[in-house]
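Trainee: One structure, as structure tokens, below. Some questions next.
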Amino acid sequence: MRETRSDGELLRAAADGDRHAFEELYRRYAPWLTARLRGRCADPGLVDDVVQETFLAVWRGSARYREDGDVAGWLWRVGARRLVDALRGDGARGRLRQALARLRHRHEASAEERVLAGVQHGDLAGALIRLSPELRAVLQATVVDGLTTKEAAVVLGIPPGTVKTRAQRARRRLREELA
């Protein structure tokens, strides 16, 4: 019986060209990364492309893991930045495609919304649900996903100043609700 390798071992082996290690890493994280990115982008085709580009960067070694932290978090940062780059490259066409995709799927809650709705820490879940979708989206992008203000602005399709203002309003409202 083969022993299960750690994520770090899989990454090192994949970087050295071990196809089986790469495939195992992909099986472990591609569905999770896809679900997270779909919470940020309503275009499933673009999300699938970004997931493939993320793992291609791992395979080629252009994305380097420094072994300081969680592999899932590192993959998320690589994928999120690639999503920002993809959206930035699309410009207005990308934002229009995003808006149309959101309209088609507006009845579906994003993966991030489902997770945030299930938070069980005091009344945080209720306070988050009571935030407007715009404020919640900014918190998700900057706090949960760890994106910079500029990256969140690109992903959300709003100016960086608006991201900062909404983040400030969201924090103030959460403080008021949880006080």
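The values are calculated or read from the model by the stated rules, or taken from the named source; none is laboratory data. Since the structure is predicted, the reported quantities are computational estimates derived from the model, not experimental observations. So basically every Cβ, Gly included, is an ideal-geometry build from the backbone, and we count neighbours across all protein chains shown.
Trainee: Scan region 3-14 and report the pairs whose first residue is part of a loop (DSSP other than H, G, I, E, B) and whose second residue is buried (at least 17 other Cβ atoms within 10 Å of the Cβ), with Cβ atoms within less than 9 Å and a gap of 6+ or a chain change.
Mentor: 4/24; 5/13; 5/21; 5/24; 6/71
Trainee: Name the residue, out of 53, 108, 24, that is closer than 26 Å to residue 158 by Cβ, acidic (Asp, Glu) and at pLDDT 80 or above.
Mentor: 53
Trainee: Follow-up question, since we're still on this one. Right, residue 148: in contact with a helix residue (DSSP H, G or I) (Cβ under 7 Å, 6 or more places away or on another chain), surrounded by 14 or more Cβ atoms within 10 Å (Cβ to Cβ) and modelled with pLDDT of 80 or more or not?
Mentor: Against the criterion (in contact with a helix residue (DSSP H, G or I) (Cβ under 7 Å, 6 or more places away or on another chain), surrounded by 14 or more Cβ atoms within 10 Å (Cβ to Cβ) and modelled with pLDDT of 80 or more), residue 148 does not qualify.
Trainee: Next up: With 115, 155 as the choices, which residue is in contact with a Cys (Cβ under 9 Å, 6 or more places away or on another chain) and modelled with pLDDT under 85?
Mentor: 155
Trainee: What is the one condition in (1) buried (at least 17 other Cβ atoms within 10 Å of the Cβ); (2) assigned to a helix (DSSP H, G or I) that residue 162 does not satisfy?
Mentor: For residue 162, the exception is condition (1).
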